[in-house]
1. If you go through the range 56-65 one residue at a time, do you hit one that is surrounded by 13 or more Cβ atoms within 10 Å (Cβ to Cβ), in contact (Cβ under 8 Å) with a residue 60 or more places away in the chain and assigned to a helix (DSSP H, G or I)?
2. Does the range 67-83 contain at least one residue that is without any contact (Cβ under 8 Å) to a residue 24 or more places away in the chain and more than 19 Å from PHE148 (Cα to Cα)?
3. Hey, can you tell me all the residues within the range 210-219 that are buried (at least 17 other Cβ atoms within 10 Å of the Cβ) and either modelled with pLDDT of 95 or more or under 25 Å from LEU116 (Cα atoms) (or both)?
4. Specify the residue that is nearest to the chain's Cα centre (by Cα); the eligible residues are those in the range 80-89 that are surrounded by 13 or more Cβ atoms within 10 Å (Cβ to Cβ) and farther than 18 Å from VAL171 by Cβ.
5. Quick test for you: out of GLU53, GLU80, pick the one residue that is in a helix (DSSP H, G or I), within 28 Å of THR132 (Cα to Cα), at pLDDT 95 or above and out of contact with any helix residue (DSSP H, G or I) (no Cβ under 9 Å at 6 or more places or on another chain).
6. Could you list all residues from the range 163-209 that are in contact with a Cys (Cβ under 8 Å, 6 or more places away or on another chain), of a type outside the set (S, T, N, Q) and modelled with pLDDT under 95?
7. Tally the residues that are surrounded by 15 or more Cβ atoms within 10 Å (Cβ to Cβ) and not in a strand (DSSP E or B), restricting the search to the range 124-172.
8. Given GLY74, GLY159, GLY154, which one is out of contact with any Ser or Thr (no Cβ under 9 Å at 6 or more places or on another chain) and either aliphatic (A, V, I, L, M) or over 17 Å from ARG195 (Cβ atoms) (or both)?
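The values are calculated or read from the model by the stated rules, or taken from the named source; none is laboratory data. Since the model is a prediction, treat every value here as computed from it, not as a measurement. All Cβ positions, glycine included, derive from the backbone under ideal geometry; neighbour counts span all protein chains shown.
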Amino acid sequence: MKAICCSFFLWSLLVFLLQNVAGLAAKKNNKGGRKAAASNRGFGAGPAEVFEEVCSKFKTRLPSDTSSVLCPCGTGEMYETCCAPYHRGTVLPDSPTKVLRTRYTAFTYRIVPYILDTTHETCRDYRENRITWAKDMNKNGMFDSFQFVALEPGPEIFGKDDKEVFIDFKVRMQAVKDFGDCVTGQEMVIGEKSRFICDDSGKWTYASGDVSSLIEGLEDMILNH
């Protein structure tokens with residue numbers, strides 16, 4: 001499998017920097033917001049934002065008929081009976097591979113809340129303010145310049161105990177518009193070694209991952225460090 005987009009390394013760094021700059025800006029704005037709220041006492045505060053209402057305004061890429069399309073995660077099942085129940089919260093992923101597949105489909109269809117719900121609190125992307133986190137994900141973390149083509153998960157490898165598992169996987173993506181040196185239709189392949197953690201209730205979540213390019217000459221370079 002050949003990666004075509006030769007500037008993916010720079011693109012990945014740009015996305016990573018944008019996400020972190022957005023986080024710093026949000027923290028700064030939050031501090032300013034607290035000061036403003038304190039100085040405006042007596043005039044009444046606006047209604048508090050509700051997480052579900054905020055996320056309902058985000059665009060998605062969900063198909064109009066979820067029962068007639070194959071699930072993007074690659075199981076060969078229809079989305080309605082594969083990843084959809086997990087995205088709706090009626091079923092919890094009971095294995096690291098299921099977390100990986102359902103998160104991949106959530107990125108494919110732009111389902112921001114599920115990405116947050118399956119992220120472990122030790123992950124560097126995790127934030128206590130879910131509304132700010134969701135807004136930043138919606139703005140910077142949904143890879144809108146690319147279409148998700150395929151997921152190739154590897155085997156589950158246990159870490160220090162049965163509560164920690166690592167999975168190496170590949171993701172193929174295709175540019176849907178010109179982006180930097182990439183042009184519409186070009187494909188790229190990225191690899192990631194992800195770490196998943198199981199809590200005492202049996203819930204698996206994504207804890208961390210080392211993202212690498214599969215471009216010749218950059219295979220051993222971790223892009224998100």
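1. No, the range 56-65 has no match at all.
2. Yes, the range 67-83 contains a residue that is without any contact (Cβ under 8 Å) to a residue 24 or more places away in the chain and more than 19 Å from PHE148 (Cα to Cα).
3. VAL211, SER212, SER213
4. Looking at the filtered set, the residue picked out is HIS87.
5. Details: GLU80 fails: within 28 Å of THR132 (Cα to Cα).
So the residue among GLU53, GLU80 that is in a helix (DSSP H, G or I), within 28 Å of THR132 (Cα to Cα), at pLDDT 95 or above and out of contact with any helix residue (DSSP H, G or I) (no Cβ under 9 Å at 6 or more places or on another chain) is GLU53.
6. Within the range 163-209, ALA175, ASP181, CYS182, GLU187, MET188 qualify.
7. Residues flagged as surrounded by 15 or more Cβ atoms within 10 Å (Cβ to Cβ) and not in a strand (DSSP E or B) within the range 124-172 amount to 18.
8. From the options GLY74, GLY159, GLY154, the qualifying one is GLY74.
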